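Trainee: Can you keep this structure in mind? I'll have questions shortly.
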Amino acid sequence: MAYTEKTFDLPDLEGLSKDQVEAHLGLYAGYVKHVNLIAEKLSAVRDGSLELDPYIVAELRRRFAFEFDGMRMHEYYFTQFEGGPKEMDAGSKLAELSQKYGEQGLEGHIREVAGSRGIGWVVVYQDGDQLHTTFVADHELGQLAGLTVVLALDVWEHAFMVDYLPSEKGKYIDAFFANLNWSVVEGRVQ
């Protein structure tokens with residue numbers, strides 16, 4: 001089964017230029033392309049039409065996780081902008097689960113985690129009646145297995161370097177929240 005690059009109905013984004021969005025979507029397209037390429041090679045190894053050294057096969061399997069998680073995380077990311085910015089519904093289950101973050105709230109907590117030095121993702125997961133916000137440096141490593149991804153904030157520099165310097169990551173995070181459709185995020189909560 002080949003994966004298809006998704007298209008996203010993105011409005012003009014405040015603080016993120018069309019050039020930035022196009023560059024970022026191009027990176028996403030590369031993930032989809034490489035998921036399919038690796039899957040095709042591994043399938044050919046399994047059916048005997050391609051012979052590869054076992055070491056190379058093992059490396060392809062490891063690389064598949066990188067490409068696949070990169071594909072999926074970007075799908076979570078871009079979908080959050082569809083429909084334009086919307087505030088969190090104060091009566092939603094997400095708002096209820098967010099109470100654990102006190103006065104800073106969920107957004108404040110995400111901003112705090114996103115301020116960590118380094119590149120990666122800030123991912124908010126749901127585990128029953130708990131939210132967990134983590135910094136995932138490499139999207140194929142450090143994911144919380146089996147939990148529902150509620151929000152994905154890409155803090156790899158490719159997400160903002162057309163518009164902002166690495167030292168201006170905070171401005172990018174401001175732009176992310178200015179464009180975030182919280183109703184999409186709320187829809188992921190079970």
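Trainee: All but one of (1) under 16 Å from the mean Cα position of the chain (by Cα); (2) at pLDDT below 95; (3) not β-branched (V, I, T) hold for F160; state the number of the condition that does not hold.
Mentor: (2)
Trainee: State all residues of the range 138-190 that are among the hydroxyl-bearing types (S, T, Y) and in contact with a strand residue (DSSP E or B) (Cβ under 7 Å, 6 or more places away or on another chain); if no residue qualifies, say none. Quick ask: steps written out before the conclusion?
Mentor: Initial filter on the range 138-190 (among the hydroxyl-bearing types (S, T, Y)): 148, 164, 167, 172, 183.
If the condition is that a residue be among the hydroxyl-bearing types (S, T, Y) and in contact with a strand residue (DSSP E or B) (Cβ under 7 Å, 6 or more places away or on another chain), then T148, S183 are the ones that fit.
Trainee: Something else now. Scanning the range 112-160 for residues that are touching a helix residue (DSSP H, G or I) at 6+ places or on another chain (Cβ under 6 Å) and of a type in the set (D, E, K, R), which turns out nearest to F66 (Cα to Cα)?
Mentor: Here the answer is E140.
Trainee: Could you tell me how many of the residues in the range 136-169 are hydrophobic (A, V, I, L, M, F, W, C) and over 22 Å from G15 (Cβ atoms)?
Mentor: Count: 8.
Trainee: A further question follows. Looking only at residues in the range 104-156 that are in contact (Cβ under 8 Å) with a residue 12 or more places away in the chain and of a type in the set (D, E, K, R), which one is nearest to A90 (Cα to Cα)?
Mentor: My answer is E107.
Trainee: Considering only the range 124-162, state which residues are polar (S, T, N, Q) and part of a strand (DSSP E or B).
Mentor: Those that are polar (S, T, N, Q) and part of a strand (DSSP E or B): Q126, Q130, T133, T134, T148.
The values are calculated or read from the model by the stated rules, or taken from the named source; none is laboratory data. Bear in mind that the values here come from a model prediction, so they are computed numbers and not experimental data. Methodologically, a virtual Cβ is constructed for each residue, glycine included, from the backbone with ideal geometry; neighbour enumeration extends over all protein chains shown.
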